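Peer 1: The structure's right below; bear with me while I get my questions together.
The values are calculated or read from the model by the stated rules, or taken from the named source; none is laboratory data. Note that the coordinates shown come from a computational prediction; the quantities given were computed from them, not determined experimentally. Heads up, the Cβs are rebuilt from the backbone with ideal geometry, glycines too, and the neighbour counts pull from every protein chain shown. Heavy atoms of the whole protein, side chains included, go into the accessibility calculation; ligands, DNA and RNA do not. Shrake-Rupley method; radii C 1.70, N 1.55, O 1.52, S 1.80 Å.
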Amino acid sequence: SMDTGAYDGFQITLQYGKDVDALAFNGRDLCMNDNIDNYMYCWQVVEFNIYGATFAWEAAALLQGDLNIFGAAAGTIYWTENKRPPQYRELKFDKVRNTSSLTVDFHFCHMDNRGFNVPGATMILEEGQNNYHFDELLLTGYTRLVTPLTNNLTIDTNVTIDVFLGDLTGLFHIRNNTLIFVEYVESVSNVTYAPCGFRVDVGGEAIFPTETHLRGVRGWFDGLMTGVEHLYISGIDAMTTFTSTAQTSYFDKGQYVNMTSPGTFDWASVTVKRGSCLNFSRIVNQSLLVTIGHGEIQYQGTISMNHGEYATSAFEIESQGWLNLDGTGPKAQQGIAPGFTMNNTGSGAGHGGVGGGFNETHGGAAYGSVYYPSEFGSGGGNGNASGVGGSGG
């Protein structure tokens, strides 16, 4: 059943004495051949065709945002409007028709992948153009939007978006040598609630307003975030990850101020709202340092870090909020005072106290401070052949 995934009694039977030698199903066509005559038998799913226009959203809902490696990227609807008559408008002269017309003053672009999260991306591309400005950009249905990739050593592509629209599943992918201005108009706007995610590669840069609410479900920063003083991760299932190649800076009167080194982040405040998740992930040999004036994890919010430090003057965690540093230290049976195996039984690692075991000598020794821990925990001991100790905190 395409509705529930439960077996609905449907079966396919070949002639007696024949076995299925090979089969293939692409979401619409089911084809198989037997091992005797090499005949090909094909059936087609009509009611739920994941490639058709009628039931695409129903089929996409069954995938629940999981990556569909067989899908394709969304197409582009690009619209310009020049029929708005404000007081002052520039005229454009057409030499061929010997006529004048008002220049285009509104650019709108919409990409929709119909709910399919696929590897392919939709590209904004206009020949000879490396500066793009959209009054409104609408990303829906797990669309991933990219700009052309260049080999220049300096930023070559600039994108300015005045207003972002979407359903939180869209993703704007800022690649190397690309600069994007996200609802950033100096002296006019200082906040954005852009309803999509942002992926910034190493060498890419995203400039945001002072107060930025990241609401997308798959944000990822490997590059530079500029301009943000007050960072919010907002919305159920909203998720953003900063890695050890990412960095932050401020932008004042056209000049960069307080640019951090890779793996170091500086914000005046960070707030993770209900159901949202903020991750800091070490992916290279570079420790993470997060400096926050004031941090807050609201009800059922989560901040996770796998290797690094927080430096903050105040930090609040509401009921069911979670600051997760579990399992980020040394692996099993490694560290300062790890657990070990005795009689096919693993003991606990030591840290602020002695690790558990058969007796006081079985577990890892105590080290560090119970009240002010500043060292990584140690890995637990392995058990029998299939038991592996946990990582230290």
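Peer 1: Taking the Cβ-Cβ separation of Asn384 and Leu149 as r and a Förster radius of 51 Å, what is the calculated FRET efficiency to the nearest 0.05?
Peer 2: 0.50
Peer 1: Right, next: How much length is gained on full extension from Arg274 to Gln334, taking 0.36 nm per residue of separation minus their Cα-Cα distance?
Peer 2: Contour length minus Cα-Cα distance gives 18.0 nm.
Peer 1: Which residues' amide hydrogens lie under 5 Å from the amide hydrogen of Ala332, considering only partners 5 or more residues apart or on another chain, with H built in the peptide plane?
Peer 2: Residues meeting the amide H criterion: none.
Peer 1: OK, next. Counting only heavy atoms of protein chains, what accessible area per residue, in Å², does region 183-283 have with a probe of 1.4 Å?
Peer 2: Per-residue value: 38 Å².
Peer 1: Of the heavy-atom accessible surface of region 193-281 (probe 1.4 angstrom), what whole percent is carbon and sulfur?
Peer 2: 51 percent
Peer 1: If R0 is 51 Å, what FRET efficiency do you get for Ser261 and Ser101 from their C-beta distance, rounded to 0.05?
Peer 2: 0.50
Peer 1: Additional query: Using θ = phi - 60° and the Karplus form 6.51 cos²θ - 1.76 cosθ + 1.60, what ³J(HN,Hα) does each residue of region 239-246 get, whole Hz, x for Gly and Pro?
Peer 2: So the Karplus estimates, Gly and Pro as x, are 8, 9, 10, 10, 9, 6, 9, 7 Hz.
Peer 1: Shifting gears a bit: Please sort 29-36, 203-210, 337-344, 312-319 by packing, taking for each peptide the average over its residues of neighbouring beta carbons within 10 angstrom, highest first.
Peer 2: Order by mean packing, descending: 203-210, 337-344, 29-36, 312-319.
Peer 1: Work out how much length Lys18 to Ile36 would gain on full extension: take 0.36 nm times their residue separation and subtract the Cα-Cα distance, in nm to one decimal. Numbers along the way, then the final one.
Peer 2: On the way: separation 18, 0.36 × 18 = 6.48 nm, distance 0.62 nm.
Value of the extension gain: 5.9 nm.
Peer 1: Compute the length gained on full extension between Asn324 and Thr291: take 0.36 nm times their separation in residues and subtract their Cα-Cα distance, giving the result in nm to one decimal. Intermediate values should be presented prior to the final figure.
Peer 2: Working: separation 33, 0.36 × 33 = 11.88 nm, distance 1.69 nm.
Extra length from Asn324 to Thr291 when fully extended: 10.2 nm.
Peer 1: A follow-up question, please. Step through the residues of region 202-217 one at a time and calculate ³J(HN,Hα) from phi using the Karplus curve (6.51 cos²θ - 1.76 cosθ + 1.60, θ = phi - 60°), rounding each to whole Hz and writing x for Gly and Pro.
Peer 2: Karplus-based 3J(HN,Hα) across region 202-217 equals 4, x, x, 9, 10, 9, 10, x, 4, 9, 10, 10, 8, 10, x, 8 Hz.
Peer 1: Rounded, prolate or oblate: which fits region 157-316, taking a ≥ b ≥ c as square roots of the Cα gyration tensor eigenvalues, rounded meaning a/c under 1.5, else prolate when a/b beats b/c?
Peer 2: rounded
Peer 1: Order Cys109, Cys277 by their accessible area, 1.4 angstrom probe, all chains in place, largest first.
Peer 2: Reading off the accessible areas and sorting them downward yields Cys277, Cys109.
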